Structure formats: structure tokens, C-alpha cells
Amino acid sequence: MNILGIDTTAEVLNLAIINKGRFIVDYRINTAEKTHSALILPLFKNMLSFTGIELKTVEGVAVSIGPGSFTGLRIGLSTAKGIAFSLSIPIIGINTLESYAFRFIDLPGILCPIIKARRGEYYYATFYKNNNNLSIAKNYQCAKWNVIKNDLLKYNNDVYVFGYGLGDILEQEKAEKSKNIANINFVVHNYQNANAVNVALMGEKRIIEKQYDDIYNLSPFYISQSAAEMNKTI
Amino acid sequence: MKDTVIMGIETSCDETSVAIVKGGKKLLSNIIASQMEIHKSYGGVVPEIASRKHMELIMIVCQEALDKAGLSLNNIDGIAVVPGPGLKGSLLVGLSFGKAIAFASEKPLIGVNHIEGHIFANFLNSQDIGFPFISLVVSGGHTSLIIVHNFCQFEVIGRTRDDAAGEILDKIAKYLGLGYPGGPIIEKLAVCGKEDAIYFPRPLLNSNDFDFSFSGLKTAVINYLIDKNKAQQKVNINDLCASFQKAIIDTIKYKTIAAAEKYNISRIVLGGGVIANETLKKELIEYARNVNISVYCPPKELCTDNAAMIAVAGFYKLKAGITDSFDLDVYTR
């Protein structure tokens, strides 16, 4: 079963097709020249033609629904809905932080994926491995690195931090010459800000379990309110 | 071609709309989910909230449009979408969704300029309008004069250099604490006021082009209110609204007719939310009649943003063989 994975949540535009737990194609573009909106469908078309996969053999769409860039989330989800609706196939929304954690599920400890947000803050959550699945330890939040760090220091286990914006955190740590990061490990890796293969793999699992999302109600996972709503609450 | 069915998708500001139109004339469905009530409490459209609302509604509105038309996606021959102008985040939802449908269901994609869409609202269910004509599009985002040579050739001869007419109506209403949207509220109060009570400027009336500029008028109204307040004099809000509205109407009216006369065109076609203003419509029609110019106007519900007008425009573009590729992107202006 061919599953399309879409990740438009950060600067890198990432599309992938997987089949029975194995990836067939993984396309990433990181350019400021063109927008995700202009690239996403031509890229998908190109992917199909290079792999020889026919559109009608795509049996599910898994889409990263955030947290991440508000506009990016909506481009990905609107596109995914249009494709799923036209082909009458299931749509699966995958939490972006969870998809990051899924990639490092075998690390021996607590997993803490991060995603750079606005105003020097990061979206984050913590997970642990539970029978080959991820269980959430600390629910989705948005905070400055120092707050996150204090949170992570409370764990007795090793904690692995990775994700989009890790470079900024490493710089901050270097500048502050922090000593007390005993149990915190930074997992430096390339291409950290796009994850369509894992999104598709998680989507395939959910499709096998028949845990589809409702195409009408599936919404982005923003975490943060819009600035106007925030000001109003205050 | 006369039975070609087009689905139009419109999300350029704060209305989520999907419509299905057959043969460019017959409206099969036109679902409009307005977010006005939400934005009212902020005194205007909040872009991020509008984008979120579009995302929530787009699929539901699309299904409703198909259901009401009694059709499935298989019966649709083309998808008309709006790349701009409008709010970027809002546009992106409808554009991305529409492009994906066109791609995955292998149907032609037709990009329709939002302002052109307002003009095409006139062709729905109506008699044929001969070319060329001058089109006046006035809304919260636009004040434009366009010569329409045929279904595909548009020549913009004037546009606002700053605020749109609908925009200053909103801003003044907000300043006066009257609510949102401003146009209908000011129109209602103006009925009981004297339009010659206060003189406000008619901006750019004597310029040699057909551009508009309304921000100076907005400042004049606000300055008037500040002066009155300083002098502790009461302001008759009805008179203020009538005089302010009159200044806008005069400017639009004279410029539009002058354009028609200069280009020797005897038809004027109206569109956009502010055209729903009865006083503006009436004055324009009367003034045009004196110089033998006919004025066409869509029904009130098709003046404000809707996807039916996008589907109609899409029909004529497709008929002319104009389609877009899937890298079609948004533009805000």
C-alpha cells in the first residue's frame, strides 16, 4: 500500500512515499526562492513520474499537522485534504513532535523533540518507548529553552533532545557555558527539520489499525493561540 | 461547453465559499460561511484567525456545495481558485485545497483574480452584457476602475493609492465605536442625516488619472471629530455619516463616469461589497442615465465575496482555453 507523507511544517518542504514500512522516495527541498505552495504539487507529480507510481495506487495521505509554522501547517493540511478527498482515501494527521520522536524511538531514555517557535520559544514534549510505541510523558508545551531545560533536569533517566532549532540551543548553551546538563544529551543530526518518511510510516500503522482521521474535522495542531486572541484574553 | 460544470473556491478574506456553476450561468450551489461575527469583536478582520477559520471550514463547505448541487466530484469539469489579491494566509487555504483537488482528480485548474471575479458576478443568471465595458469594483480591499475588453482582457485604469473605500468606512465606524462592518451601519445612520451638513474633501477628483485615494478623507473626518471634541461641541452622528458617505459616493461617481466618457464606453458594470450600498448604487445609476450610460449591478448577495463569481469567471477562462499550472502561487496585491 503506497502512503504519501507530507511535511510542510518548517523551512524544508518534504514529501515521501512509503510502502509496507519501507520508503520508496523521499524528496526534500530547502529553498527561499520558491514557496511550499508553489512547489508541493509539482514535486508530488515529479515524484510519481520518477518512481512510476500511479496516483490511483496511493491509498492514504499522512500529513504532519504541527506544531510548526502556522502557514506551513495549513498548506500541508489543505493539500492533503484535497488529495484525500479527490481519491477517496484515508487521511491521517500526525503530530509533528511525535513524528520527530518516532525517528529516535530506539534511543535509551526519555525523548524530547523540539521545534523552534516564535519569540525565542520552542514547542516540545517528552516521550518514552513503550512496547515499540511512543507514550507521552510531558504534554505539548511552548517555552523558552531555560524553562525546558529545568523540566528535563528533573528526570532521573537520560534525556535526548533533538529537532528543529537545536543549533540555536547549542549556541545558547555554549555562550552560557552551562555545566549542569548532566542527564541531557543533544542529538545532532542533519535534515532535522523535515520528516515525511516517518510521518508516512506512522500513517501506515494507523491505517492498518483503521484509525483514520475525519477529513472534515482534522485541524492543525497549533498549540499557540493567534496573537489577537492572546491579547484579548489578557 | 454550455454544460461545463465549474467548482469555484474563494477564501481571499473572511468568507469561506465554494460554489458550483453550470455553463457559466446556472447557479447550482453557492455556500458562503461568513466569519463576520468572529471578527466583529476585534473591529476588523484578524488575518491569523481568518486563516484558521478557513482551514476549519473549507472541507465542510466544499461537501455542502456538492450536496446542494446534487453532484459528486466526478461531475465537475474544472476547478476555479483565487490566487489573489487578498490576505496571504486566507488565500493559501483555498488555493492549496483547490489545486490539490484539480491535481488529484485530473481536472483543469483555473486561477481567477479576485477583482475579476467581482465583475463576473454580473454574468450569472443575467442577460448578456456587451463589450467593452468599464467596471467599478469597490470593497473593503479594493477600489478599482477596469476596462474589460472581453472575457479575458482586463485593463486596470485606476485603483486606490492607499485605503479602499470599504476600508475607510470600516475605520471610521470603528473610530466612532459603531461596530463592524462599517458600510451598512454608516449607510443606515446616513439616511437620517443631511449630506451637505459638513463639507469633506473629494480626494483626487481633479487629478488627471483615475486613481483613488481615501486616507486623506479618513483623516479629515477624524480631525473634524477631534476639533469638535476640543471645542466641546456635540456632533450629529447622522449628519456626519451622511456627509462622509456623500464624499465617498461623489468621488466614486464622478471618476467612474469621467472614465466612461474619456474612453467612450457606454456600459458600466459594478461589483464588490460596497456596491451593496443602495445610495451609491442609486446615485451612480441616476448620474449615468443623464449621460446615456447603462449601469449593470449584481444582486446584493453576489456583491460581497462569494465563490459563484469565481466559478463564472473560471468558466469563461476555460472556454477561452486559459488554465494554470500547479505551481500557481498566491499574490496579496
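Points worth noting:
- Chain-alone versus full-assembly comparison, the range A:28-45, residues with accessible loss of at least 50 Å² (1.4 Å probe): A:SER37, A:LEU41
- Peptide ranges A:111-117, A:211-217 listed from the most packed, as the mean C-beta count within 10 angstrom indicates: A:111-117, A:211-217
- Kirkwood-based shape ratio for the range A:88-148, expressed as Rg/Rh from alpha carbons: 1.04
- Buried area at the A-B interface (accessible, heavy atoms, 1.4 Å probe, summed, Å²): 2800
- Pairs of alpha carbons in the range B:137-231 whose separation is greater than 15 Å (percent): 69
- Candidates B:PRO299, B:ALA173, A:ALA84 compared by Cα position along the dipole of the protein assembly as shown: farthest toward the positive end lies B:ALA173, with charges placed on Cβ.
- Whole-angstrom gap from the range B:1-44 to the range A:5-37, using each part's C-alpha centre: 31
- Sorted into 20 angstrom bins from 0, the C-alpha pair distances of the protein assembly as shown split as 20, 45, 28, 8, 0 percent.
- Tilt relative to chain B, helix B:278-290 - C-alpha long axis, 0 to 90 degrees, to 10: 90
- For B:245-253, mean number of other protein chain Cβ atoms within 10 Å: 0
- Put simply, the range B:22-102 fits an ellipsoid with semi-axes of 25, 15, 11 Å; these come from the alpha carbon gyration tensor as the roots of five times its eigenvalues, largest first.
- Antiparallel %, DSSP beta bridges [both residues in the protein assembly as shown], to 5: 65
- A probe of 1.4 angstrom, applied to the heavy atoms of all protein chains, finds A:ARG22 with accessible area near 150 square angstrom.
- DSSP bridge orientation in the range B:42-157 - percent antiparallel, rounded to nearest 5: 75
- Chain B: most fluctuating residue of B:ILE322, B:ILE110, B:ILE79 per GNM, C-alpha cutoff 10 Å: B:ILE322
- Cα-based Rg and Dmax for chain B, where Dmax is the largest Cα-Cα distance (Å): 20.1, 68
- Antiparallel bridge percentage (DSSP; both residues within chain B; nearest 5): 65
- Rg/Rh (Cα only; Kirkwood hydrodynamic radius) as it applies to the range B:129-298: 0.99
- Pairwise centroid distance, computed over Cα atoms, of the range A:111-174 with the range A:48-99, Å: 26
- Size descriptors for chain A, from the alpha-carbon set: Rg then Dmax equal 17.9, 55 Å.
- Neighbouring Cβ atoms from other chains, within 10 Å of the Cβ of residues in B:37-47, number 1 on average.
- Axis of helix B:165-175 versus longest Cα principal axis of chain B: the two differ by about 60°, to the nearest ten degrees.
- Mean-square fluctuations from a GNM of chain A, with a 10 angstrom spring cutoff on Cα atoms, peak among A:ILE208, A:ILE75, A:ILE148 at A:ILE208.
- Tensor-based shape of the range B:1-160 (alpha-carbon gyration tensor, a/c under 1.5 rounded, otherwise prolate or oblate): oblate
- Within the listed set A:GLU59, A:GLU176, A:GLU11, the residue fluctuating most in the Gaussian network model of chain A (springs between alpha-carbon atoms under 10 angstrom) is A:GLU176.
- Overall Cα dimensions of the range B:198-333, principal axis frame, Å, largest first: 63, 39, 31
- Stokes-Einstein diffusion for the range B:244-323, with the hydrodynamic radius set to the Kirkwood value over Cα pairs and evaluated at 20 °C in a medium of 1.002 mPa s, equals 153 µm²/s.
- Under 18 Å from B:LYS171, Cα to Cα: lysines that are on another chain or at least 8 residues apart: B:LYS40, B:LYS188, B:LYS218, B:LYS246
- For the peptide B:104-115, the mean number of other protein chain Cβ atoms found within 10 angstrom of a residue's Cβ is 2.
The values are calculated or read from the model by the stated rules, or taken from the named source; none is laboratory data. None of the values given here were measured: they were computed from a predicted structure. As a convention, Cβ positions derive from the backbone with ideal geometry for all residues, glycine included, and neighbour counts pool all protein chains shown. Only protein heavy atoms, including side chains, enter the accessible area calculation; ligands, DNA and RNA are left aside. Shrake-Rupley method; radii C 1.70, N 1.55, O 1.52, S 1.80 Å.
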